[in-house]
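Visitor: One structure follows; several queries about it will come next.
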Amino acid sequence: SRLPAEFWHAFELSKPQCDALAALGAKCKALKVPGVYPQFQTVVPAIMASDFREVVWLDTDITPLVAPERLLKLDAYKENGALFWPDLWGMKCRRFGSSAWPRHVAWHLLGLEFNASDPRFAHEHEPGLCLIDKQRHWKPLCLANYLASRDFFSKVLHGYKDVFRLAWLRLQADEWLVRLRPGLAGTLMGDGRFLPACMVHFWPNPNDLRNSSTGELRPLPLYLHQKKKPGRGIMDIVTFRPALGDCIDYGIGPFLLKNTEHELWLLEDSAPQLLWQLQDTEARWNANYE
């Protein structure tokens with residue numbers, strides 16, 4: 001990417017680390033208020049304190065597959081000034097996705113009436129990557145920061161990730177939630193289970209990648225998220241058919257595909273160029289990790 005970059009931290013990085021980042025073109029910046037920031041509470045203050053008016057936020061476990069600056073040109077972003085992606089979990093999930101449950105305490109405390117037909121209510125956010133125009137959305141950012149900095153909300157929301165969603169809903173601010181649920185990149189095992197290596201999120205326009213075998217259109221992978229350990233684990237992609245708000249029978253770790261409404265992409269045959277890109281990206285990730 002040719003975008004200017006800031007690498008934010010809460011006083012964890014030393015000068016040699018910041019010098020290394022500078023050599024890569026990123027400015028090392030510490031939060032202005034010292035302190036302990038549990039549950040990823042650095043995210044919203046960093047966005048607010050950034051020198052940039054328009055922020056493309058990437059968590060450190062995000063691996064882009066497309067140049068991020070292309071997102072700034074999307075009509076959805078230009079019209080709304082904010083762009084967010086969904087997580088795996090929705091209101092019908094029992095183990096996860098609690099902030100999308102109709103009776104979650106946040107709806108009562110924020111004076112919001114739950115709307116099961118609106119994916120912004122019925123499905124959780126995954127803000128590892130998001131776009132925000134701060135000039136247009138300073139007020140919801142302030143409310144998001146308030147929610148993220150309160151221990152009570154951090155506990156009932158399990159961190160900060162849904163404070164954007166709640167703040168934007170409470171203030172009825174313009175935003176665009178990508179309607180494509182994330183898929184999983186990983187390996188199909190011999191016993192029919194799929195072993196995820198990481199999540200894969202998609203380009204907002206759902207019809208941008210053509211299957212070379214069938215000619216059908218598929219969503220374009222935009223970025224990988226939450227790869228935590230080195231290793232060669234990306235051999236295929238699985239996506240899920242249920243709409244946002246519904247739940248898939250997926251936990252943390254290997255799971256049986258036959259228990260889900262899914263599509264296995266079979267990348268070796270249907271999209272060999274994409275498979276090469278994913279495996280090359282993973283190899284670079286492994287090398288940088290070491």
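The values are calculated or read from the model by the stated rules, or taken from the named source; none is laboratory data. Treat the numbers as computed from the prediction; the structure is a model and nothing was measured. Here the Cβ is made from the backbone with ideal geometry for all residues, glycine too, and neighbour counts use every protein chain on show. Heavy atoms of the whole protein, side chains included, go into the accessibility calculation; ligands, DNA and RNA do not. Shrake-Rupley method; radii C 1.70, N 1.55, O 1.52, S 1.80 Å.
Visitor: Give the residue, chosen from 179, 193, that is over 23 Å from residue 61 (Cβ atoms), open to solvent by 20 Å² or more (accessible area, probe 1.4 Å) and under 14 Å from the mean Cα position of the chain (by Cα).
Guide: Just a single option satisfies the conditions, and that option is 179.
Visitor: Does the range 237-260 hold any residues that are loosely packed, with under 14 Cβ neighbours inside 10 Å and hydrophobic (A, V, I, L, M, F, W, C), and which are they?
Guide: Of everything in the range 237-260, those that are loosely packed, with under 14 Cβ neighbours inside 10 Å and hydrophobic (A, V, I, L, M, F, W, C) turn out to be 243, 252, 256.
Visitor: Suppose we keep only residues that are of a type outside the set (A, V, I, L, M, F, W, C) and farther than 22 Å from residue 220 by Cβ within the range 261-290. Which one would you say is surrounded by the fewest Cβ atoms within 10 Å (Cβ to Cβ)? Steps first, answer last, please.
Guide: Within the range 261-290, the first condition is being of a type outside the set (A, V, I, L, M, F, W, C), and the residues that meet it are 261-263, 268-270, 272-273, 277, 279-282, 284, 286, 288-290.
Adding the requirement that they be farther than 22 Å from residue 220 by Cβ leaves 286, 288-290.
Values: 286: 15, 288: 9, 289: 11, 290: 6.
Selected residue: 290.
Visitor: Something else about it: Name the single residue, out of those in the range 97-111 being surrounded by fewer than 14 Cβ atoms within 10 Å (Cβ to Cβ) and not charged (D, E, K, R), that is nearest to the chain's Cα centre (by Cα).
Guide: 102
Visitor: In addition: Of all residues in the range 56-96 being of a type in the set (Asp, Glu) and over 16 Å from the mean Cα position of the chain (by Cα), which is least open to solvent (accessible area, probe 1.4 Å)?
Guide: The extreme case among them is 69.
Visitor: So which residues in the range 190-200 are touching a Pro at 6+ places or on another chain (Cβ under 7 Å) and under 18 Å from residue 227 (Cβ atoms), if there are any at all?
Guide: Across the range 190-200, the qualifying residues are 194, 195, 199, 200.
Visitor: Out of 140, 127, 204, I need the residue that is in contact with a helix residue (DSSP H, G or I) (Cβ under 9 Å, 6 or more places away or on another chain), part of a loop (DSSP other than H, G, I, E, B) and within 16 Å of residue 55 (Cβ to Cβ). Which one?
Guide: Going through 140, 127, 204 in turn, just one is in contact with a helix residue (DSSP H, G or I) (Cβ under 9 Å, 6 or more places away or on another chain), part of a loop (DSSP other than H, G, I, E, B) and within 16 Å of residue 55 (Cβ to Cβ): 127.
Visitor: Would the range 135-153 turn up any residue that is within 17 Å of residue 181 (Cβ to Cβ) and crowded, with 22+ Cβ neighbours inside 10 Å?
Guide: no
Visitor: Based on this model, can you work out whether residue 222 counts as touching a Leu at 6+ places or on another chain (Cβ under 7 Å), surrounded by 15 or more Cβ atoms within 10 Å (Cβ to Cβ) and either in a helix (DSSP H, G or I) or at pLDDT 90 or above (or both)? Walk me through it before giving the result.
Guide: Numbers: touching a Leu at 6+ places or on another chain (Cβ under 7 Å): yes; surrounded by 15 or more Cβ atoms within 10 Å (Cβ to Cβ): yes; either in a helix (DSSP H, G or I) or at pLDDT 90 or above (or both): yes.
So residue 222 fits the description; yes.
Visitor: Shifting gears a bit: So, in the range 156-194, of the ones that are in a loop (DSSP other than H, G, I, E, B), charged (D, E, K, R) and in contact with a helix residue (DSSP H, G or I) (Cβ under 8 Å, 6 or more places away or on another chain), which residue ends up modelled with the highest pLDDT?
Guide: 162
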